[in-house]
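First the structure, in the form of structure tokens, and then the observations on it.
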Amino acid sequence: MLLKDYIPNVNKKFRNFFFSGISFDSSKVKKNNIFFAIKGIKFDGNNFIPKVIKKGSKVIISEKKIKEFKNGILFIHTKNIRKLLAEVSYKIYKNKPKNLIAVTGTNGKSSIANFYYQILKLNKKRVASIGTLGVKSNILNLNLSNTTIDPIQLGQILTKLKNQRINDVIMEASSHGLKQNRLDGLKFNTGIFTNLSQDHLDYHKNLKNYLKAKLYLFENLIKKNGNVITDDKIPQFKKIKKISIKNNLKLHTLNDEKNNFKILSHSFKEESQIIKIKYKDLIEVVKLNLIGKIQLKNLLMAIIAAKKSNIGLKKILLIISKIKSVEGRFEKIGNIKNRSKVILDYAHTPEALRTCLLNLKEQFPNKKINLLFGCGGDRDQNKRSKMGKIADNYADEIYLTDDNPRFENPNKIRKDIKKGIKKKKI
């Protein structure tokens, strides 16, 4: 591979410089690899430059300004090293599935991605999902370290999926991944925005920055004439609509007439939900084996995305009663002797916890809610007492425990949550 084919604006003298691959991890560098010296939160890649040169790297890319050519080593300066890494990665791994879909937002990403995956799979389509639940496909199943993984690993996975003739891929786009340009160089056919509430403020510092990271997907990474799917009832809708008009994107909302279907009624029957759908001149009654009304919104977004992937609505309606709950999302994991239901949900934000408890109260009005929960360590501390207050307001009994404390004192985390709990015993 030659630099001129992968790195824009490289000095003419060095355009025909050969390289064998790329890496940002000094331990994985091979001979003639380009090394991207990224300054991270814990480690600075620039400190490992002497080590990678010894291993045979002859091209170093850094945000530091270093003399361009020194002792046979080419140093390339860039203002945004993470963006360049992603763009080069997706040029190297250029064989990608045709229909890429990204879903972002605070809550609901994993459910939407998995529901989309199930809809296509039940319609005998080759499909993959990538995110918090790992990589799921007919052939490739992997656990992942992050919701949105690094671009080298993602590029390799997308190439493998394409080689298996998978052309429909839905992936979760986290705010960290978007802020760190991990998806730059990819172009998505469809982008989905679920909602926005407090999360990751340890990283983004405020909600304005958090929203800006999410909106980057719609401003920069959707193909011209691509699709945007969202809920017109959320406060961020006006901004998403404005971006869609500016970028010539087709906007689809949950109750839009363009969808060709309308929800006429909704009711609960024990652990199921019954919906009456009007589709053209037909009226269908469908039983959903899903707990939590919020799952209906997630399912509708997945249905619109599936329609935009050339699955007919009639075919979708035939299989949605077979859709199963997603692991850790309003997932019923058992019963106990007194006929109580045990439900697991990965609610780790104040809004997600409130939604979860209110949905359970609505679906099971005659049941007491005993809540077992905690908060993670080394993350947004401001949400702990808020989650305590929500538990205090909506749960009948509270069992306070540890989530993943990471490097923080678990006792301190529990005390922070307890500050919001005033009425109930713990």
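Dipole of the chain, Cα-centred, from +1 at each Lys and Arg C-beta and -1 at each Asp and Glu C-beta, to the nearest 20 debye?
Computed charge dipole of the chain: roughly 860 debye.
Please provide three numbers in whole Å: the alpha-carbon extents of region 199-346 along the principal axes, with the largest listed first.
54, 48, 23
So, by mean Cβ neighbours within 10 angstrom, what's the order for 336-348, 411-423, 376-388 with the highest one leading?
The packing order, highest mean first, is 376-388, 411-423, 336-348.
Report, to two decimal places, the Cα Rg of region 90-322 normalised by 2.2 N^0.38 Å (N = number of residues).
Rounded to two decimals, the normalised Rg is 0.99.
Can you tell me how much longer the chain between N141 and K4 gets when fully stretched, taken as 0.36 nm per residue apart minus their C-alpha distance, in nm with one decimal?
Extending this stretch completely gives an extra 45.8 nm.
Can you check how the C-alpha radius of gyration of region 124-233 compares to 2.2 N^0.38 Å, as a plain ratio?
Here the Cα radius of gyration is 1.10 times the empirical estimate.
Using r as the Cβ-Cβ distance of Q156 and L358, and R0 as 51 Å, what FRET efficiency do you calculate, to the nearest 0.05?
0.75
Considering only L74, I49, I101, whose Cα is most displaced toward the positive end of the charge dipole of the chain, charges sitting on Cβ of Lys, Arg (+1) and Asp, Glu (-1)?
Going by the charge dipole, the pick is L74.
Extending each Cα 7 Å along its Cβ direction at K91 and K419, get the distance between those two points in nm, one decimal.
Each label point lies 7 Å from its Cα, and together they span 4.9 nm.
Between (1) 83, 59, 44; (2) 79, 54, 46; (3) 76, 57, 39, which matches Cα extents along the principal axes in Å calculated for the structure shown?
So the structure-derived entry is (3).
Calculate the FRET efficiency for L207 and S20 from the Cβ-Cβ distance with a Förster distance of 45 Å, rounded to the nearest 0.05.
That pair, L207 with S20, gives E of 0.55.
Pick out which of L161, L221, L74 has the largest mean-square fluctuation in a Gaussian network model of the chain, springs linking Cα atoms closer than 10 Å.
L74
Placing +1 at every Lys and Arg Cβ and -1 at every Asp and Glu Cβ, with all other atoms neutral, what dipole size does region 3-79 have around its Cα centre, in debye to the nearest 20?
Magnitude of the dipole: close to 200 debye.
Among K109, K39, K125, which one shows the biggest mean-square fluctuation in a GNM of the chain, springs joining Cα atoms closer than 10 Å?
Taking springs between Cα atoms under 10 Å, the residue moving most is K39.
Normalised by the number of residues in region 375-426, what is the relative contact order in percent for Cα pairs under 8 Å and 6+ residues apart?
It comes to 55 percent, rounded to a whole number.
By the gyration tensor of its Cα atoms, with a ≥ b ≥ c the square roots of the eigenvalues, what is the shape of region 3-79: rounded for a/c under 1.5, prolate for a/b over b/c, or oblate?
prolate
Using a/c under 1.5 as the rounded threshold, could you call region 247-326 rounded, prolate or oblate? The axes a ≥ b ≥ c are square roots of the C-alpha gyration tensor eigenvalues, and prolate needs a/b larger than b/c, oblate otherwise.
Here region 247-326 falls in the prolate category.
Using r as the Cβ-Cβ distance of F407 and L317, and R0 as 51 Å, what FRET efficiency do you calculate, to the nearest 0.05?
The value I calculate is 0.55.
Using only alpha-carbon positions, what ratio does the radius of gyration of region 331-418 give when scaled by 2.2 N^0.38 Å?
Ratio of Cα Rg to 2.2 N^0.38 Å: 1.11.
Under the rule a/c < 1.5 gives rounded, and otherwise a/b versus b/c splits prolate from oblate, where does region 21-154 land using the Cα gyration tensor?
prolate
Can you give the relative contact order of the chain as a percent, counting alpha carbon pairs under 8 Å and 6+ residues apart?
Normalised by residue count, the contact order of the chain is 11 percent.
Each value in this text was obtained by applying a stated rule to the coordinates, not by laboratory testing. This one's a predicted model, so the numbers in the text were calculated from it and none came from an experiment. For neighbour counting, all protein chains shown are included, and Cβ atoms are generated from backbone atoms with ideal geometry for every residue, glycine included.
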